[in-house]
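Written below as structure tokens is the structure these notes are about.
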Amino acid sequence: MDLPWGDEKTVKFVTNVGLITSDGPNGPNIQSAEWTHHISYSPGLIAVCLGRDRTTRENILATKEFGVSLAATDQNIMASVAGGSHGKDVDKISALKELGFKFYRAKEIKALMVEGAVLNAECKVAKVIELGDHTMFVGEVLAATAGNKEPLVYHSLTFRKPGEVVQKPAEKELERIKKLTEKFRKSG
Ligand SMILES: Cc1cc2nc3c(=O)[nH]c(=O)nc-3n(C[C@H](O)[C@H](O)[C@H](O)COP(=O)(O)O)c2cc1C
């Protein structure tokens, strides 16, 4: 079956908003990608899934590198602009600069990186996998820095701030749960 965009089931996921930067045949570009995931510690790998018509996909296929900047809660407008048009038609980087957003030169790749993001990771493509109607680019992280702002959250087609911490059960309840888990430990 399909899980289409905007479907009541599809919108249940909670994701980050990756700001994916690239610089290739279509020039410097940025797109939003909620399908941005950390998938390995050693080496550090990040996967992004991009639709077939994305300018970013074309750029990355040609250059084999991309930047991942995880949007902070004060970068929702940037995420809307980056996700609102195609780099083939609009110079989104210049538009964003005019809106006051800042970029800096990456150390290891040609693409620009977003200033003030929660995480900035410069990636070299390790694998390209065609999956359904998207292309997954697995990037090996060559350089990364983390800021201390809160990440922008995407859920139910809206941008959000991270919510409250769900408190752990009281010590007594934790003990009871531990005993119960032990009761069901598989032998051997
Ligand atoms: C919050 C948000 C999340 C998005 N997530 C994705 C995604 O994970 N993958 C994708 O291919 N497009 C995603 N998009 C849509 C692209 O950002 C949009 O198609 C953009 O115009 C592509 O730009 P490009 O053609 O310049 O690469 C998202 C858009 C928004 C606003």
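The values are calculated or read from the model by the stated rules, or taken from the named source; none is laboratory data. As the structure is a prediction and not an experimental result, all values here were calculated from the model. No Cβ is skipped: glycine too gets one built from the backbone with ideal geometry, and neighbour counts run over all protein chains shown. Heads up: the accessible areas ignore ligands, DNA and RNA and are worked out on the full protein's heavy atoms, side chains in. Shrake-Rupley method; radii C 1.70, N 1.55, O 1.52, S 1.80 Å.
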- [ ] Please list, or write none, the aspartates and glutamates whose alpha carbon is within less than 12 Å of the alpha carbon of Lys102, excluding same-chain residues fewer than 8 places away.
- [x] Glu115
Open item on the list: Restricting to DSSP H runs of at least four residues, report the calculated mean residue ellipticity at 222 nm for the chain, -39500 (n - 2.57) per run over all residues, nearest 500 deg cm²/dmol.
Closed with: -5500 deg cm²/dmol
Task: Note, ³J(HN,Hα) from phi for the range 115-123, Karplus 6.51, -1.76, 1.60, rounded to Hz, x at Gly and Pro - done: 6, x, 7, 6, 9, 10, 10, 8, 10
Task: Dipole axis of the chain (+1 Lys, Arg; -1 Asp, Glu on Cβ), positive-most option in Asn29, Ser42, Phe137 - done: Ser42
- [ ] Please list Ser187, Ser80, Ser69 in order of solvent-accessible area, largest first, computed with a 1.4 Å probe with all protein chains present.
- [x] Ser187, Ser80, Ser69
Open item on the list: I'd like the distance between the alpha-carbon centres of the range 95-118 and the range 1-36, rounded to an integer number of Å.
Closed with: 18
TODO: Rank these by accessible area, largest first, 1.4 Å probe: Leu142, Leu119.
DONE: Leu142, Leu119
- [ ] Run down the aspartates and glutamates and flag those whose C-alpha is under 16 Å from the C-alpha of Lys127, throwing out any fewer than 8 positions away in its chain.
- [x] Glu58, Glu65, Glu140
Open item on the list: Which one, Pro28, Pro169, Pro151, has the greatest fluctuation when you compute a Gaussian network model over the chain with C-alpha springs under 10 angstrom?
Closed with: Pro169
Task: Share of carbon and sulfur in the accessible heavy-atom surface of the range 38-171 [1.4 Å probe, %] - done: 52
- [ ] May I ask you to derive the FRET efficiency for Arg160 and Tyr41 from their Cβ-Cβ distance with R0 = 22 Å, giving the value to the nearest 0.05?
- [x] 0.20
TODO: With a probe of 1.4 Å, find how much accessible area the range 10-183 has per residue, and write the answer as a whole number in Å².
DONE: 57
- [ ] Ignoring everything but the protein chains, give the 1.4 Å probe accessible area of Arg160 in square angstrom, nearest 10.
- [x] 100
Task: Whichever lysines have a C-alpha closer than 24 Å to that of Lys168, once near sequence neighbours (fewer than 8 apart) are set aside - done: Lys12, Lys178, Lys179, Lys183
Open item on the list: If I histogram all Cα-Cα distances within the chain using bins 5 Å wide from 0, what percent of pairs lands in each bin?
Closed with: 1, 8, 15, 18, 18, 13, 9, 6, 5, 3, 3, 1, 0
Task: Highest-fluctuation residue, Phe137, Phe103, Phe66 considered, GNM on the chain with Cα pairs under 10 Å - done: Phe103
TODO: Would you calculate the separation in nanometres between label points at Arg185 and Asn148, each defined as 7 Å from the Cα along the Cα-to-beta-carbon direction?
DONE: 4.1
